[in-house]
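Here's the structure we're looking at; comments come further down.
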Amino acid sequence: MTPATSTTPTGLHAELTVTRGSFTLAAEFDVPAGAVLAVLGPNGSGKSTILSCLAGLLRPDEGSVTLGDRTLTRTPGVQVPPHHREVGLLAQDALLFPHLSVLDNVAFAPRSRGASRNESRDRARHWLSEVDALELAQRSPAQLSGGQAQRVAVARALAGEPRLLLLDEPLAALDVDAAPAIRGLLRRVLRADQRRSAVLVTHDPLDALALADHVVVLAGGRIVERGPTREVLAAPRTPFTARIAGLNLVAGTATADGLRTGSGRLIAGIAAPDVTEGEPAVAVFAPGSVAVHPAGAPHTGSPRNSVDAVVGALEPHGAVVRLRAHDGDGWAEGVAADLTPASVAELALEPGTPVRLEVKAAAVAIHPAFGP
């Protein structure tokens, strides 16, 4: 059975001003229909306040929230209650009802909106099938692993047919084995309905890269960075974004052997389980894994990814010196490498020095990135 869906546009627009004590959130953003916006920021920056306003749990002091052609909040005067907003929430904890079976947990949302018992269970079976969890229908939540419980929570959030889906650190509580599968599942269901908007709050740059096409970064209740996810994380402009990114990111398309960049160069690496060949992907590697050699020096050691570049900048970075490359051959533009001060002196590096960068394939992780 395929659930009924509305043909009304589901784009989100929010203008929010909220003051609590000495803290003030002032943010304005749009999420087009079919798009996912990631909200990043340190603790206390206002991420949870934004979600509470969108969910209807908190009324802003000033502002408005519109979803498609509906006004959910306008101050003063309009505050649609949470259960009438057509908004779904997926949190880091599954929060399943312990006294209900998996099937009835998922059926709860359509049932609460007036559907009959049989219709609600039909919808629940549909969504459990969509998240590959139909075989769990008769289990109790206590019989589920963390990954299984989160699959059920995804199904429950979608069974209510929300026009806006709020994702609050949905992978934070999962172990390293379960997270990639749920991340892949979320990618699939978020792409499946181009009429639904979604807002993702996360501390993990990989979640933002895999799930969101745009990002806003909050600091002190203000949006300090915004734009396409890969662009913001690849060129951070605030200490927080630089800290969470802390990575070299090279965009391209997943191949059987790694990643093909826009210039046609291949970067060898280890693909995550949720990478699909031919789809947008990102090669991720740490600055500490980048070896720097003089231009023209012979290749040594195990097979590596190798690229010619020019030293663009050298700057202190804790106990090391961070080299930032530019004028790269294929994919080196903006790549960072961490060197000891002794290595910088030995190689006589300075801005403008030609070098060769090498990265072992084993140090490169290939992850999916949001794309059409």
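See the values below:
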{"item": "Calculated from backbone phi, Karplus (6.51, -1.76, 1.60) coupling profile of the stretch 88-100 in Hz, x at Gly/Pro", "result": "x, 10, 10, 9, 6, 9, 5, 6, 6, 5, x, 8, 10"}
{"item": "For the chain, built as a Gaussian network whose Cα springs stay under 10 Å, the top-fluctuating residue of 212, 362, 309", "result": "362"}
{"item": "The stretch 220-228 - phi-based ³J(HN,Hα) in whole Hz, Karplus 6.51/-1.76/1.60, Gly and Pro as x", "result": "x, x, 10, 7, 9, 8, 7, x, x"}
{"item": "Cα convex hull volume per residue for the stretch 12-245 (Å³)", "result": "122"}
{"item": "The chain: relative contact order as a whole-number percent, Cα under 8 Å and 6+ apart", "result": "16"}
{"item": "Relative exposure of 253, 73, judged by other C-beta atoms within 10 Å (fewest first)", "result": "253, 73"}
{"item": "Ranked list, fewest to most other Cβ atoms within 10 Å of each Cβ, for 190, 58, 40", "result": "58, 190, 40"}
{"item": "Label-point gap, in nm, between residue 176 and residue 57 - each point 7 angstrom along Cα→Cβ", "result": "3.1"}
{"item": "Gaussian network model of the chain, Cα within-10 Å springs - most flexible of 246, 114, 63", "result": "114"}
{"item": "Shape of the stretch 247-372, Cα gyration tensor, a/c cut at 1.5", "result": "prolate"}
{"item": "DSSP bridge pairs, the chain: antiparallel proportion in percent, nearest 5", "result": "75"}
{"item": "Other-chain or far-sequence residues with amide H under 5 Å of residue 214's (modelled H)", "result": "36, 38, 229"}
{"item": "Volume per residue that the Cα convex hull of the stretch 189-303 spans, once the total is divided by residue count, Å³", "result": "148"}
{"item": "Table column - 3J(HN,Hα) (Hz), the stretch 149-157, Karplus curve with 6.51, -1.76, 1.60, x for Gly and Pro", "result": "4, 6, 4, 5, 5, 4, 4, 5, 4"}
{"item": "The chain, dipole about Cα centre (Lys/Arg Cβ +1, Asp/Glu Cβ -1), debye to the nearest 20", "result": "1000"}
{"item": "Fraction of antiparallel bridges per DSSP, the stretch 247-372 only, in percent to nearest 5", "result": "95"}
{"item": "Per-residue [θ]222 nm for the chain (sum of -39500 (n - 2.57) over DSSP H runs n ≥ 4, rounded to 500)", "result": "-7000 deg cm²/dmol"}
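Where a number appears in this text, it was derived from the coordinates with a stated rule and is not lab data. None of these values were measured; they are calculated from a predicted model. FYI the Cβ positions are ideal-geometry reconstructions off the backbone, even for glycines, and counts take in every protein chain you see.
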